[in-house]
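> Sharing a structure below in structure tokens format, with a few things to ask.
The values are calculated or read from the model by the stated rules, or taken from the named source; none is laboratory data. All values reported here derive from a predicted model rather than from experimental measurement. Positions of Cβ are generated from backbone atoms using ideal geometry, with glycine treated the same way; all protein chains shown enter the neighbour counts.
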Amino acid sequence: MNEESLGLLVWKVEEGPIAIEDLPDEDQIGTEGFDWFLEVLVSPIDESSVYDYTTLYFTTLDECYNFKARVDKAMEPLEMII
């Protein structure tokens, strides 16, 4: 992993899939190119006891749903490099 990448553990999907078009206009700023999102509970890989919620954006419902299904079925948190 290089200095610019960040490793995260995704523990659970708290909310979603949610269509970005369902958000108020002011909450859609910065989401251009994406149509769906999930709210997920994450922690840094190197500090797995520090949790926070973040938003993951997806271009299609299939991508969003498939990621949610992977997290829901996993027995351990999923590792992501962003």
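> When you check VAL71 against the structure, is it closer than 13 Å to PRO17 by Cβ, touching a residue at least 60 places away in the same chain (Cβ under 8 Å) and of a type outside the set (S, T, N, Q), yes or no?
Against the criterion (closer than 13 Å to PRO17 by Cβ, touching a residue at least 60 places away in the same chain (Cβ under 8 Å) and of a type outside the set (S, T, N, Q)), VAL71 qualifies.
> Restricting the search to the stretch 24-44, which residues are of a type in the set (A, V, I, L, M, F, W, C) and more than 15 Å from the chain's Cα centre (by Cα)?
The one that is of a type in the set (A, V, I, L, M, F, W, C) and more than 15 Å from the chain's Cα centre (by Cα): ILE29.
> Let me ask you something else. Check GLY16 against each of (1) of a type outside the set (S, T, N, Q); (2) touching a residue at least 60 places away in the same chain (Cβ under 8 Å); (3) on the phi > 0 side of the Ramachandran plot and name the one condition it does not meet.
Here GLY16 clears every test but (2).
> Next up: In the stretch 32-76, how many residues are surrounded by 11 or more Cβ atoms within 10 Å (Cβ to Cβ), assigned to a loop (DSSP other than H, G, I, E, B) and out of contact with any helix residue (DSSP H, G or I) (no Cβ under 8 Å at 6 or more places or on another chain)?
The number of residues fulfilling the criteria is 6.
> Let me ask you something else. May I ask you to verify whether THR59 is modelled with pLDDT under 95 and either among the polar types (S, T, N, Q) or on the phi < 0 side of the Ramachandran plot (or both)?
no
> Filter the stretch 1-19 for residues that are surrounded by fewer than 16 Cβ atoms within 10 Å (Cβ to Cβ) and in contact with a Phe, Trp or Tyr (Cβ under 7 Å, 6 or more places away or on another chain) and give the result.
GLU14, ILE18, ALA19
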